[in-house]
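The values are calculated or read from the model by the stated rules, or taken from the named source; none is laboratory data. Computed from a prediction, not measured in an experiment: that's the story for all the values here. Neighbour counts run over all protein chains shown; Cβ positions are idealised from the backbone, glycine included. Note: areas computed on protein heavy atoms with side chains; ligands, DNA, RNA excluded. Shrake-Rupley method; radii C 1.70, N 1.55, O 1.52, S 1.80 Å.
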Amino acid sequence: IGIQFQKLFKLDVNTEGEDEIVPIGSFEEAGLHPVMLDNIRLAGYTVPTPIQRYCIPAILKGHDVLSCAQTGSGKTAAFLVPILSKLMGKAKRLAAPRPVDGQRGYVAEPLVLIVAPTRELVTQIFDECRRFCYRSMLRPCVVYGGADGVTQRMELEKGCDILVATPGRLTDFLERGKILTLKRLKFVVIDEADEMLDMGFEPQIRKLLQGTDANEDDDQQVLMFSATFQKPIRKLAKDFLADAYVQIRVGRVGS
Ligand code: ADP
Ligand code: MG
């Protein structure tokens, strides 16, 4: 473990929200699914990073979360670990594909949607997701632009519990219809939110969040991650996260 990584553990964490979040000291005490605990060990993670110490219990409790921490602070596992652990506790095959009316093929109905700005980032999240889904019935898929859409569609047709997507390809698949529906989403994760706004994806993100909001699923959790804490990020959170959302800030993040 590098010096940079060591330093990470000395950073202060600030939380805001109606509910007090008690940080976990270890992965073992978090009440995670045994399969998830095994996968965390296999990944070689021994102690949770500061952001993970707060995000894991907050997400397990069912809160919407806005979390800001510098790059390299372990944000990916901060949302994947609690989300996947929660789903592992449910049925065996969660998002069995459904036949499309009068057509061949199946419509994917993911329970988790993770949006990130670039092909590189969604691929990294997908890889980490696969590691954490090992020996579970959960099936992750990844879609991004600049690549063969046919292959990506075929993967979706095999069933998709967790979808990791760039905004462009996601919008494309949604608009073409009969590929993908977001009706069953239990978790929506907006990762690298600041970068997405910088890249001009705000209209797509807002449209997406408006669409999933209409699911009328009171249980649905929306989680936003960002390296900065600028005003447009706080505005987005205010518009789409539950009123009682928890804010978790690690170290000094620019505002
Ligand atoms: P961020 O999204 O905040 O930039 P990442 O989630 O990409 O950070 O994590 C950065 C690196 O740290 C990754 O290589 C990841 O595998 C590793 N990592 C994350 N959490 C832990 C942990 N608890 N123990 C050891 N390594 C970790
Ligand atoms: Mg990240």
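Quick notes on this one:
- For Asp198, the conditions (1) away from ligand 2 (no atom under 16 Å from the Cβ); (2) of a type in the set (Asp, Glu); (3) farther than 25 Å from Leu42 by Cα all hold with the exception of (1).
- Extreme residue, nearest to ligand 1 (Cβ to nearest atom), among residues of segment 58-74 that are of a type outside the set (Val, Ile, Thr) and open to solvent by less than 20 Å² (accessible area, probe 1.4 Å): Ser73
- Hits in segment 13-30 - residues which are in a loop (DSSP other than H, G, I, E, B) and over 27 Å from Lys238 (Cβ atoms): Ile24, Gly25, Ser26, Phe27
- Only one of Arg93, Arg130, Arg104 that is open to solvent by 20 Å² or more (accessible area, probe 1.4 Å), modelled with pLDDT of 95 or more, farther than 14 Å from Phe187 by Cα and charged (D, E, K, R): Arg130
- Pick from segment 15-50, criterion within 16 Å of ligand 2 (Cβ to nearest atom) and open to solvent by less than 60 Å² (accessible area, probe 1.4 Å), ranking: nearest to Met88 (Cα to Cα): Ala43
- Among (1) within 23 Å of Gln124 (Cβ to Cβ); (2) open to solvent by 30 Å² or more (accessible area, probe 1.4 Å); (3) more than 16 Å from ligand 1 (Cβ to nearest atom) - the single one Val143 does not satisfy: (2)
- Number of the condition not met by Arg53 [criteria: (1) open to solvent by less than 40 Å² (accessible area, probe 1.4 Å); (2) within 20 Å of the chain's Cα centre (by Cα)]: (1)
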